[in-house]
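The values are calculated or read from the model by the stated rules, or taken from the named source; none is laboratory data. Note that the structure is predicted; figures quoted are calculated from it, not measured. Note: ideal-geometry Cβ built from the backbone for every residue, glycine included; neighbour counts use all protein chains shown.
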Amino acid sequence: MRKYSWEPIVLTVKNPDRTYCSVGYETGPSGIRVEYSRSIANVYKFFGKANGLVHRIANLFGAKLHRNYFLELFCIPDVFWGWIPLTAFRAKKLAEKYDVDAIYVSCSPWSSAIIGVLVRKCTDIPLIIDFRDPYGLEIPWIKDVAPTIRIRKIVDKWLINKILDNTDLFVVTTEETRDLYCEQYPQVRDKICTIHNGFDTEFIPTELQPIKFSKFTIIYTGEFYFYALKSEAFFEAISLLKTRKSIDEDNFQFLFYGDGRHQIKQLARKYDIEDLVNANGRIPYTDVLEALRKSHLQLLRIVKPMISTKLFEGIPMNVPFLATIPQGEVEKIIKTYSPSSYLVTEDSAPKIADAILDAISKYNNNEIKPNRVSEFLERFSREKLTLKLKAEIEKVLNRKKE
């Protein structure tokens, strides 16, 4: 944005909740003004302990609690509500001091959206809300992780309507998400747009494709979405191939980096493939991309209607996908830009196993086709997407002037 005539002022948290959040140590972009405000309460750890105490008491009477009702009752809209009071005040002061033209809020946390609405009401400055994940949508998988208490559902529904009513531009990250919001919240039809996550071209390697791992490697990085995707077909497929002696520890590995490594190791034990699974914690982003480039396939799982950022990394790194995904938007993108990828749109271990064997064969015979990287970046580079966002914001500002 700064490159194209805007001057961003970033307001972020001074004391992040390290119990709940994974906090990095990187500095902000050079030349960008970064301001801080404090959260008056980081409540996740406290309510976690309170829930543990109630859970132990319930166990004495033979009862079991399956949810943390403290979070559902007292953390509205989320555990970051302690950031609202001081930050709303700080944001208003910054808006007035620097005569800002627009307020841009990225969610989650949903508490930030409330801050944006409060500042808009105080200043009448146009508000842009960007939802990286859906909030307030009726989606089957969300019911498994969403609040169950009726009053909380009512409050959440009221909040999302108020947020959307006071938003001048509503940004989502997929076309499928856009369609759902238009269907369930008709008031956003004229102010919603899709800006995909995309890829930052500064991470495009300048050197030739590195030598691949000596073992045929399928890589997965980041969140495995255990909370929404229950399928274990991928691990079952590896087990099938091992049983058939099509792969072994000398010629195959599943390489994982992320916070869910313990669950991955449990699944490896369950399917007797511990010798084929290499599960690790987080590593720096540049190291992730290097490991991805050296891999043969990237496993892709998605939780509709979102699109995993792994899609936008795999194509520029010129690695085909083993995409165990439902039909839809992601499927179309992969078909367009990654001709040697494998799309398995049903929960079938045998079909996943067949895809892995076919990929091994094609790599051995040098039959893997390169991804259409240049075409992809013309549409999905973050600079191109930022220009699209800039144009949408300027439309809002022009309407405001009229």
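Among the criteria (1) more than 20 Å from C107 (Cβ to Cβ); (2) touching a Pro at 6+ places or on another chain (Cβ under 7 Å); (3) not basic (K, R), the one Y4 does not fulfil is (2). For the stretch 325-353, the candidate set comprises residues that are part of a loop (DSSP other than H, G, I, E, B) and farther than 23 Å from N364 by Cα; within that set, the residue that is farthest from the chain's Cα centre (by Cα) is S348. Looking at the structure I just gave you, is I40 out of contact with any strand residue (DSSP E or B) (no Cβ under 8 Å at 6 or more places or on another chain), more than 28 Å from T286 (Cβ to Cβ) and at pLDDT 90 or above? The answer is yes for I40. Only one of the listed residues (I218, I163) is at pLDDT 95 or above, surrounded by 14 or more Cβ atoms within 10 Å (Cβ to Cβ) and within 30 Å of V277 (Cβ to Cβ). That residue is I218. Pairs meeting the criteria (first residue in the stretch 312-339 and over 23 Å from E383 (Cβ atoms), second residue among the basic types (K, R), beta carbons under 7 Å, at least 6 apart or on different chains) are T324/R301; I325/R301; P326/K304; G328/K304; P339/K369.
Filtering the stretch 98-108 to residues that are among the aromatic types (F, W, Y) and part of a strand (DSSP E or B) leaves only Y104. Counting the residues of the stretch 325-361 that are out of contact with any strand residue (DSSP E or B) (no Cβ under 7 Å at 6 or more places or on another chain) and among the hydroxyl-bearing types (S, T, Y) gives 6. Listed by position, the helices (runs of 4 or more DSSP H) contained in the stretch 109-195 that have at least 1 residues being of a type in the set (A, V, I, L, M) and in contact with a Cys (Cβ under 6 Å, 6 or more places away or on another chain) are 111-123.
Pairing residues of the stretch 389-402 that are under 27 Å from N197 (Cβ atoms) with residues that are assigned to a helix (DSSP H, G or I), at Cβ distances under 9 Å and at least 6 apart in sequence or on separate chains, gives K390/Y4. Just a yes or no: is a residue in the stretch 288-302 within 18 Å of E223 (Cα to Cα), under 19 Å from the mean Cα position of the chain (by Cα) and not aliphatic (A, V, I, L, M)? Yes, because at least one residue in the stretch 288-302 is within 18 Å of E223 (Cα to Cα), under 19 Å from the mean Cα position of the chain (by Cα) and not aliphatic (A, V, I, L, M).
Condition check ((1) surrounded by fewer than 17 Cβ atoms within 10 Å (Cβ to Cβ); (2) free of Cβ contacts under 8 Å to residues at least 40 places away in the same chain; (3) among the small types (G, A, S)) across all residues:
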| site | (1), (2), (3) |
| --- | --- |
| L65 | yes, yes, no |
| N68 | no, yes, no |
| A88 | no, yes, yes |
| V100 | no, no, no |
| A113 | no, no, yes |
| V119 | no, yes, no |
| F131 | no, no, no |
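For the stretch 232-269, the set of residues classified as of a type outside the set (D, E, K, R) and under 30 Å from T19 (Cα atoms) consists of F254, L255, F256, Y257, G258, G260, H262, Q263, I264, Q266, L267, A268, listed by residue number.
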